[in-house]
1. Specify which labelled value, from (1) 15.8; (2) 16.1; (3) 12.6, agrees with Kirkwood radius over Cα pairs in Å derived from the coordinates of the model shown.
2. Which value, in debye to the nearest 20, describes the size of the charge dipole of the chain about its Cα centre when Lys and Arg Cβ atoms bear +1, Asp and Glu Cβ atoms bear -1, and nothing else is charged?
3. Would you compute, from DSSP H runs of 4+ residues alone, the mean residue ellipticity of the chain at 222 nm, taking -39500 (n - 2.57) per run and dividing by the full residue count, rounded to the nearest 500?
4. Choose one answer from Thr45, Thr70, Thr17: the residue with the largest mean-square fluctuation in a GNM of the chain with alpha-carbon springs under 10 Å.
5. So, R0 is 25 Å and r is the distance between the beta-carbons of Asp26 and Ala62; what FRET efficiency does that work out to, to 0.05?
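None of the figures in this text is laboratory data; all of them are computed from the coordinates on show. Remember, predicted model here, so these are calculated numbers, not experimental data. Positions of Cβ are generated from backbone atoms using ideal geometry, with glycine treated the same way; all protein chains shown enter the neighbour counts.
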Amino acid sequence: MKIELLSVPECPHVEATRGLLRSCLDELGIGARVEERVGAFPSPTVLVDGVDVMQNPGISGAMCRLDVPTRDRVIEALRSTPTN
């Protein structure tokens, strides 16, 4: 399982999303490493095996997201991905 947290520099929502992601991983007992990348991304974005947990593939570029990742969506994405 590959987990990524994408953000733009100084994103005001990345810290909360980082904490949410860690909390969800802990809750499910998943010890996967989270790769963090800062650049020209919709921010913040959580990808699980390359898929946006918010299921919004149409957004791109450096921008603040209005649909920030939620606990339910992160949990759903982590549960639906094989761990091997």
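1. (3)
2. Rounded to the nearest 20 debye, it is 60 debye.
3. One gets -9000 deg cm²/dmol as the mean residue ellipticity at 222 nm.
4. Sorting by GNM fluctuation, first place goes to Thr70.
5. 0.25
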